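So the structure is just underneath, and the comments pick up after that.
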Amino acid sequence: MTIPLNVARLDHPRFSAAAAGARLGGVDSRGVRAFFEQVSAQWDDMRSSFYNEDVIDALAEHGRVTAASRVVDVGTGTGFVAAGLAGRAGTVTGIDNSPAMLAVAARNLAALDAGNVQLVQGELERLPFADGSVDVAVANMVLHHAPDPGRMLGEMARVVRPGGMIAVTDEVEHPYEWMRAEQADVWLGFTPAQVEGYFGQSRLAGYGYASLGTQ
């Protein structure tokens, strides 16, 4: 599966991005949350078949994460990305709406002694952070679970300071319909045009799109 990296730099953290293209399925936010509550204990094994540590390196590089950066990891799940960024950032806040996933993340982070990572429960389309309160917002393989991707990206932009960065890794468009039922996917990946639509309707100084290759 090919995973694209989408990067945006903000001139202003507020924007409203409408969804580009048609939503591809009947899975709603409650269904997505229920799925991740059920698979939380197995998720680290499951996700390894979809992506590896390369996504962390890409998010850190293109998000321009430094030792002083305040980073929010949107849809942190079991803390895979948050843990990987902990040694590169000043602070990392991982947010997820699944208590079961956050419980696994807490255990993982404790085992790694990642003391600069905080975990928060909250909705991805209503982030519980003040405007412009972080330097970098990242999301790995989360956007295709969002009923309204534009709204999720809008919230990421809202909490990032002017001049900050947003970096997102996710799936390119694919035909695997079975992933709706087995992975609670709301969207079957995204086309470059959709991605450009989400970012292009925002107040971004610039944005780009690059393939991370098949993982």
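Tabulated data for the structure shown
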{"read-out": "FRET efficiency, 1/(1 + (r/R0)^6) with R0 35 Å, evaluated for residue 61 and residue 193 via beta carbons", "value": "0.90"}
{"read-out": "Pair residue 211, residue 68: separation of 7 Å Cα→Cβ label points (nm)", "value": "3.8"}
{"read-out": "Relative exposure of 190, 129, judged by other C-beta atoms within 10 Å (fewest first)", "value": "129, 190"}
{"read-out": "Sorted by Cβ neighbour density within 10 Å, fewest at the top, the residues 212, 143, 109, 119", "value": "212, 119, 109, 143"}
{"read-out": "Order of 73, 57, 135 under a 10 Å beta carbon neighbour criterion, fewest first", "value": "57, 135, 73"}
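Every number here is computed from the coordinates shown, using simple stated rules; none is lab data. Computed from a prediction, not measured in an experiment: that's the story for all the values here. With ideal geometry, Cβ positions are generated from the backbone for all residues, glycine too; neighbour counts draw on all protein chains shown.
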